[in-house]
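Engineer: Below is a structure I'd like to ask you about.
The values are calculated or read from the model by the stated rules, or taken from the named source; none is laboratory data. This is a predicted model, so every value here is computed, not measured. In this analysis, Cβ positions are derived from the backbone assuming ideal geometry, glycine residues included, and neighbour counts consider all displayed protein chains. The protein model used for the area step is the full one, side chains on, heavy atoms only, and it has no ligands, DNA or RNA in it. Shrake-Rupley method; radii C 1.70, N 1.55, O 1.52, S 1.80 Å.
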Amino acid sequence: MENREIWLLHFSTFFFFLGYILVSPLISPLAILYGASPLVVGTIASVSSIFALVLKPIGGILGDRGKKFEVMMFGTILGALAGVFYALSIVAKSLVLFTVGRAIHGAASAFFFPSSLSTAIDLAPKGRVGETLGWRGTMFSISQLIGPALGGFVADYLGFQSAFILTIFLSIIGFGFIFIPYRKQKGLIKIVHDKTKASYKGLINWAFAAASFSLFFMVLAYSGLYTFLPAYYKVLGLGTSIFGVYASIMGAFSLLTRVFGGKQADKRGPIPVATVGLVLVIIAYVMLTRALEPPLAYLSAVPLGMGFGLAVPSLQMLALAKLPQKIRGFGSSLYTMFFDLGYLSGPLLLGYLANVRGTYAVVFPILPILTAFALTSLQAARMSPKEGPLKD
């Protein structure tokens with residue numbers, strides 16, 4: 001596959017996640033507007049992760065059977081359908097319809113995410129897996145940079161309805177970027193032939209397990225930030241765009257470190273790079289706990305974004321790069337299920353705590369502790385005798 005067409009797939013990742021992420025900071029303000037309690041807010045935020053968790057193995061298996069393009073396109077179609085339900089929920093003033101939209105968006109992620117991730121590794125030039133994942137992660141970071149602020153500002157000045165209609169159009173654009181290379185070169189995704197026999201037992205190894213559990217704890221904390229910091233600002237009477245700016249700063253600094261971190265992971269191995277990233281995330285959460293309100297709160301978004309930029313592609317590389325190609329799609333789905341487990345349990349557990357204590361502020365001191373568990377889990381990968389820079 002030509003480099004130009006690989007970049008078309010990278011752009012599809014950008015538009016899919018842009019449509020997905022711009023909705024995230026709108027969940028709790030919309031739910032609060034309709035009178036939802038903290039526990040209900042957390043439950044609605046978790047619905048997409050429940051459906052993604054259940055359906056990802058299907059998406060991964062279909063991708064392993066040579067349907068990566070089709071599976072990604074189906075994910076973008078579901079993303080557009082989710083936007084339709086979001087828009088209908090505003091017309092009907094119904095949290096139920098909005099929740100249905102979150103479920104459909106979770107299904108969209110289940111089909112799009114694993115094939116997108118495994119395809120990036122399949123097509124990576126020799127010795128540049130981390131760098132390729134870094135560029136893919138850059139697409140995500142740019143969407144994170146633009147998406148929350150875009151969603152927040154559109155919701156504040158044009159209404160929630162306009163933000164949700166934008167989600168539909170972005171998903172359709174993502175479909176187009178996949179369809180172009182799919183139509184021209186349907187079979188070239190199989191250009192790298194793995195003739196070895198592969199069993200799903202290959203997923204039972206220290207590196208995969210350590211990366212997966214580290215991802216779980218990292219996302220457990222991150223979901224608390226993304227769900228309850230905008231809710232905290234809403235209760236204070238601040239606009240939806242306040243958290244959008246925070247998330248955009250975080251996305252900008254994540255963008256700065258993605259490719260650099262991927263190249264360093266190729267050179268030094270993923271564990272040292274991911275370790276530095278998680279330490280930065282812990283520092284950021286401690287800073288946030290000491291200054292929750294803007295503008296000082298925005299300072300914590302800087303190390304937070306840099307930390308995620310280093311940790312995310314390195315953990316992906318650690319978990320997936322050495323897997324046989326024949327099981328990499330399913331491995332990607334299983335790995336990203338730990339992301340969904342974190343996003344599912346975080347809002348529920350932390351929402352319950354906020355409900356009991358009667359304040360969202362109680363959530364934030366827990367975030368550095370959860371990330372410390374992620375850092376500890378990562379170090380278990382050092383028990384693998386094969387750890388080191390990848391030479392495949």
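Engineer: Extending each Cα 7 Å along its Cβ direction at A291 and L256, get the distance between those two points in nm, one decimal.
Structural biologist: Each label point lies 7 Å from its Cα, and together they span 1.6 nm.
Engineer: Ordering I142, I283 by how much accessible area each has at a 1.4 Å probe, largest first, what is the list?
Structural biologist: Most to least solvent-accessible, the answer reads I283, I142.
Engineer: Kirkwood hydrodynamic radius, the chain, all distinct C-alpha pairs: what's the number in Å?
Structural biologist: One over the average 1/r among Cα pairs gives 20.5 Å for the chain.
Engineer: Roughly to the nearest percent, how much of the accessible area of the range 1-186 is carbon and sulfur, given a 1.4 Å probe?
Structural biologist: 73
Engineer: Let me ask something else. Could you compute Rg(Cα) / (2.2 N^0.38 Å) for the range 202-381, with N its residue count?
Structural biologist: In units of the 2.2 N^0.38 Å rule of thumb, it is 1.04.
Engineer: Can you give me the relative contact order of the range 202-381 as a percent, contacts being Cα pairs under 8 Å and 6 or more apart?
Structural biologist: Result for the range 202-381 is 44 percent.
Engineer: Express in nm, to one decimal, how much length is gained between S94 and S162 on full extension, taking 0.36 nm for each residue of separation and deducting their alpha carbon distance.
Structural biologist: Net length gain for the segment: 22.8 nm.
Engineer: Hey, another quick one. Whole number please: convex hull volume per residue of the Cα set in the range 1-186, in Å³?
Structural biologist: That works out to 106 Å³ per residue.
Engineer: Do you know the relative contact order of the chain, to the nearest whole percent, from alpha carbon pairs under 8 angstrom that are 6+ apart?
Structural biologist: 28
Engineer: Which entries in the list K68/K263; K56/K234; K201/K267; K68/K93 go over 30 Å, if you measure between the two C-alpha atoms of each?
Structural biologist: Exceeds cut-off: K56/K234; K68/K93.
Engineer: Please work out how much accessible surface L95 shows to a 1.4 Å probe, ignoring ligands, DNA and RNA, in Å² rounded to 10.
Structural biologist: The accessible area comes out at roughly 40 Å².
Engineer: Taking all protein chains in place and a 1.4 Å probe, what share, in percent, of the accessible surface of the range 202-381 do carbon and sulfur account for?
Structural biologist: Carbon plus sulfur share of accessible area: 74 percent.
Engineer: Computed FRET efficiency, Cβ-Cβ of K184 and A380, R0 45 Å: what is it to the nearest 0.05?
Structural biologist: 0.55
Engineer: Given charges of +1 on the Cβ of Lys and Arg and -1 on the Cβ of Asp and Glu, with all other atoms neutral, how large is the dipole of the chain about its Cα centre, in debye to the nearest 20?
Structural biologist: 1080
Engineer: Taking just the alpha-carbon atoms of the range 204-268, what radius of gyration and Dmax come out, in angstrom?
Structural biologist: 16.2, 49
Engineer: Now, a different point. With the crude spin-label approximation of a point 7 Å out along Cα→Cβ, what separation in nm comes out for E70 versus I204?
Structural biologist: Placing both labels 7 Å beyond Cα along the Cβ direction yields 3.2 nm.
Engineer: Helix-derived [θ] at 222 nm for the chain: sum -39500 (n - 2.57) over DSSP H runs of at least 4, divide by residue count, nearest 500?
Structural biologist: Only helices count here, giving -27500 deg cm²/dmol.
Engineer: Rule-of-thumb check for the range 70-169: C-alpha Rg over 2.2 N^0.38 Å?
Structural biologist: Ratio of Rg to 2.2 N^0.38 Å for the range 70-169: 1.26.
Engineer: Also, quick follow-up: Projected onto the charge dipole of the chain (+1 at Lys/Arg Cβ, -1 at Asp/Glu Cβ, origin at the Cα centre), which of F308, I172, F213 gives the Cα projection farthest towards the positive end?
Structural biologist: Result: F213, furthest along the dipole toward the positive end.
Engineer: Something else: Could you calculate the FRET efficiency of L39 with L238 from 1/(1 + (r/R0)^6), where r is the beta carbon distance between them and R0 is 22 Å, rounded to 0.05?
Structural biologist: 0.50
Engineer: Arrange the residues K326, K201 by how much accessible surface each exposes, largest first, with a 1.4 angstrom probe.
Structural biologist: Highest to lowest solvent-accessible surface, that is K201, K326.
Engineer: In degrees between 0 and 90, to the nearest 10, how far off the longest principal axis of the chain does helix 297-320 point, with axes built from Cα atoms?
Structural biologist: 30
Engineer: If you don't mind, there's one more thing I want to ask. Roughly how far apart, in whole Å, are the Cα centres of the range 6-26 and the range 237-303?
Structural biologist: Result: 19 Å between the Cα centres.
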